[in-house]
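Data block below; observations after.
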Protein chains: 2
Amino acid sequence: MATSGTEQDTRGVPLREALRRTTMIESLRLRTSLAINVTIASETFQHTGSFKFRAAYNLARTVPNDLLITASSGNFGQALAYAATMLSKRSIIVMPDNSAQVKVAAVREFGGIVEMVTTTVKSRAARVRELADEHPDAYVASAYDDPLVIEGNATLGVELAAYDFDVITVPIGGGGLSSGLIKGLRGAGSKTRVVGVEPAIANDAARSLKSGAIEVNSAEPQTIADGVRTVSVGKHNWAILKDELHSIIEVSEDNIKDATRKLMWLANLKAEPTGGVALAALLANPDMFTGQNVCCIVSGGNVDPEVLKEILG
Amino acid sequence: MATSGTEQDTRGVPLREALRRTTMIESLRLRTSLAINVTIASETFQHTGSFKFRAAYNLARTVPNDLLITASSGNFGQALAYAATMLSKRSIIVMPDNSAQVKVAAVREFGGIVEMVTTTVKSRAARVRELADEHPDAYVASAYDDPLVIEGNATLGVELAAYDFDVITVPIGGGGLSSGLIKGLRGAGSKTRVVGVEPAIANDAARSLKSGAIEVNSAEPQTIADGVRTVSVGKHNWAILKDELHSIIEVSEDNIKDATRKLMWLANLKAEPTGGVALAALLANPDMFTGQNVCCIVSGGNVDPEVLKEILG
């Protein structure tokens, strides 16, 4: 497996050119409803429908390996598959064999090779290790715990540094987006506060911030926000978050669903539940944001039709 | 009632500054599904959630009148209400008393005075005439048949002229958007073909293009695309459309619903049914677009929750 680096390969167009800029959405009706001066930075129209493409492309372009392997049933798998395809590389995406068919189909549409694993028999991580042994020339990619991932996601921070926000709220799972956001903001000279947002039933990062060390959930928490079902933040992410994160707000599952509905009906924005997490902080703790210029990052829009319909009721 | 003009008033910020740029969306999954190189130009994140704000702001800013009156149960009412509010003017929006509560509430949120009319007793037009008599100083605004509306909507054509599209598809109701689009494109030197799209059950413009004169529906057609339920195109619009419109494609109600679903599930875009009309043309007549760079205009995103849920099934 290759180590990380930034000068190893220059295949494909540069990162900034490959990316789409985030979509800034100001909705008067959303602002009126919340009585908060909120702006949405939406990654739902990024390549493959989530911010994950920023990291995936940076990683796929930078490492010299022609084969990329990851375990992901979600947005990182789609993003890595497409990034590899754009760069004429190959990707193997390990997915549980009970993954939603639409997600499997999406990875294949983006050019990835899907490797199914029966998770009751073998863990995804174990299958990834097997594949890495079979393909010693491959790069095994983490969706968050990698400097190349943080560097890719930092592009969003650079974009948002150009605005005059007092505070940005961002969902925290493994910490890839939040740590990258902070790196990008600070690199561009911005002092905007970054507030992490976690489902209360997946609050390992909040506990970590209190204890001062990485805390780990005993199992993958079953929040509706499936993009933040990680057992802990990554080490590379924690190194940034522990010093630079202003605070973490815990939100209920109802807050997340309500935020997802508000985005849909008041801002015309289709978000996945994880995409509603950052806005949910304004519902859970409005006093913290009153009178501030607030930006909420909507991390992605790829939601199973049945899940979205259930949220819309 | 004042006549139209462009040099009468300079209140408020200029049109180009007041507007949000259209949102360009490229979805690989949508392109793969259609086998057409399609790009979406979405007006769903424009102020008030539809392209109508372009016209409403231009009109409200240009006329000297401090009071604006229109009949609209849809997007133009919301747009005019908000444009008037931005310019410290007043607006009266005449709405049928059986309008959806969410639409009435939206007009009020944007600062409009809602004037209900029982349409079984009195037509909306008759109520507007009464109000115009009561307020001789008011400007009575048409949603489409006014040079100021066309000029406002032309800003979208100017934006799209910067891209290299072979053809742009656009919904046709009263013809305000399509005529404005053409005016903007041609003014900016673009020769991009403009193809109108109409629900087959509301095909007055298609019939007009064939006969060479404005044809009128006997009643407001009950298409699910409620933004194009007009009985005919306007005279000012027709003057542009009759010479510059490439053709009109008629689409079924099923095409419209299918297009709205594809925008949602393949491009993460929440559109109202009228917003799905332009894409529906690619479903109804794919051969016409194969091998072309096609842009479909999604005119707006404000859909009643119940209607959207029914479309999503």
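The values are calculated or read from the model by the stated rules, or taken from the named source; none is laboratory data. Predicted, not measured: the structure shown is a model, and the values here were computed from it. Reconstructed Cβ throughout: ideal geometry from the backbone, glycine too, with neighbour counts over all protein chains shown.
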**Q.** Criterion (in contact with a Leu (Cβ under 6 Å, 6 or more places away or on another chain) and surrounded by fewer than 22 Cβ atoms within 10 Å (Cβ to Cβ)) met by exactly one of B:LEU308, B:LEU282, B:LEU266
**A.** B:LEU266
Q | Enumeration of residues in the stretch B:61-84 that are in contact (Cβ under 8 Å) with a residue 60 or more places away in the chain, in a helix (DSSP H, G or I) and away from chain A (no Cβ under 14 Å) | A | B:THR62, B:PHE76, B:LEU80
Q | Verdict on A:SER99 being part of a loop (DSSP other than H, G, I, E, B), more than 14 Å from chain B (Cβ to nearest Cβ), polar (S, T, N, Q) and in contact with a Lys or Arg (Cβ under 8 Å, 6 or more places away or on another chain) | A | no
Q: Identify all residues within the stretch B:163-186 that are under 24 Å from B:ILE201 (Cα atoms) and assigned to a loop (DSSP other than H, G, I, E, B); write none if there are none.
A: B:ILE172, B:GLY173, B:GLY174, B:GLY175
Q: Report yes if some residue within the stretch B:34-42 is under 18 Å from the mean Cα position of the chain (by Cα), without any contact (Cβ under 8 Å) to a residue 40 or more places away in the chain and within 14 Å of another protein chain (Cβ to nearest Cβ); otherwise report no.
A: no
Q) If you scan the stretch B:57-84, which residues turn out to be aliphatic (A, V, I, L, M) and either farther than 28 Å from B:TYR163 by Cβ or touching a Gly at 6+ places or on another chain (Cβ under 7 Å) (or both)? A) B:LEU59, B:ALA60, B:VAL63, B:LEU67, B:LEU68, B:ILE69, B:ALA71, B:LEU80, B:ALA81, B:ALA84
Q. If A:TRP238 satisfies every condition in (1) within 16 Å of the chain's Cα centre (by Cα); (2) crowded, with 22+ Cβ neighbours inside 10 Å; (3) not small (Gly, Ala, Ser) but one, which is the exception?
A. (2)
Q) within 12 Å of chain B (Cβ to nearest Cβ), part of a loop (DSSP other than H, G, I, E, B) and either modelled with pLDDT of 95 or more or farther than 13 Å from A:ALA141 by Cα (or both), is that true of A:PHE45? A) yes
Q | Number of positions in the stretch A:12-42 that are of a type in the set (Lys, Arg), exposed (fewer than 14 other Cβ atoms within 10 Å of the Cβ) and either modelled with pLDDT under 95 or not in a loop (DSSP other than H, G, I, E, B) (or both) | A | 1
Q) For the subset of the stretch A:260-313 comprising residues that are charged (D, E, K, R) and touching a residue at least 12 places away in the same chain (Cβ under 8 Å), which member is nearest to the other protein chains (Cβ to nearest Cβ)? A) A:LYS270
**Q.** Number of the condition not met by A:LYS270 [criteria: (1) over 18 Å from the mean Cα position of the chain (by Cα); (2) at pLDDT 95 or above]
**A.** (1)
**Q.** Spans of helices (runs of 4 or more DSSP H) in the stretch B:207-297 with at least 1 residues touching a strand residue (DSSP E or B) at 6+ places or on another chain (Cβ under 6 Å)
**A.** B:253-267, B:273-284
